[in-house]
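In what follows, a single structure is set out as structure tokens and then discussed.
Readers should treat all values here as calculations from the given coordinates under stated rules, not as data from a laboratory. Source: prediction; values computed, not measured. Glycine gets a Cβ as well: all are built from the backbone with ideal geometry, and neighbour counts include every protein chain shown.
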Amino acid sequence: MSGDFLEKLKSFEIPTCLRVCCGTDGSVTFLLEIMTRKPVSVTTESQYTVKADKTIASLLDVEEGSKVNDRVVRLSAGGTTFVHARSLSPLERMPDTMREQLMRADIPIGRILRSHNLETRRDMGELEILEGEPTFNGIPVLSRSYKIVHNNHILMWINERFPIDERWNL
């Protein structure tokens, strides 16, 4: 994890549970289940296979026109939504069974990676507080982006948005 990311995260006046979830380089789903003591459900808002445009190709280090899974989900526990996430995954880099699980939708990415015993790392990218976003009805959100890397290739780019409010006072 880069020092800039960590220092920036430490500077935000946010609940500790939110800081922990946003700062992890592991599974957010797993942490939410520990913190809430409830199972986390994944609700897929949208999922499409798209052709990588210049921006997506650059993010994923793939050729323009490559097939990419574009998935948007919400992670909830006990009826409360904690995370809104978008993932971009180049299909050419996915093992077949992993691709099938990802396309079936409502399975958390952390569980998919764990079930395939893939050695991965998360390279943290942007971290910022966004105001007036529609994601959580205008509640300010903490937004982080990162890449999941496997065998020195980007397996996924993920943006997660966490509402900054009392739901994190667990």
Quiz item: If you go through region 112-126 one residue at a time, do you hit one that is touching a Pro at 6+ places or on another chain (Cβ under 6 Å), exposed (fewer than 14 other Cβ atoms within 10 Å of the Cβ), farther than 16 Å from Thr29 by Cα and without any contact (Cβ under 8 Å) to a residue 12 or more places away in the chain?
Solution: no
| query | Is it true that some residue in region 72-79 is out of contact with any helix residue (DSSP H, G or I) (no Cβ under 6 Å at 6 or more places or on another chain), small (Gly, Ala, Ser), in contact (Cβ under 8 Å) with a residue 12 or more places away in the chain and crowded, with 18+ Cβ neighbours inside 10 Å? | reply | yes
Thr44 passes all but one of the listed conditions (1) exposed (fewer than 12 other Cβ atoms within 10 Å of the Cβ); (2) not in a helix (DSSP H, G or I); the exception is number (1)
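Quick one: in region 30-55, which of the residues that are within 19 Å of Ile107 (Cα to Cα) and of a type in the set (Asp, Glu) is farthest from the chain's Cα centre (by Cα)?
Quick first cut of region 30-55, residues within 19 Å of Ile107 (Cα to Cα) only: 30-34, 36-49.
Subset that is of a type in the set (Asp, Glu): 33, 45.
Values: Glu33: 16, Glu45: 14 Å.
Looking at the filtered set, the residue picked out is Glu33.
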Looking across region 21-41 at residues that are without any contact (Cβ under 8 Å) to a residue 12 or more places away in the chain and assigned to a helix (DSSP H, G or I), the single one that is nearest to Arg74 (Cα to Cα) is Leu31
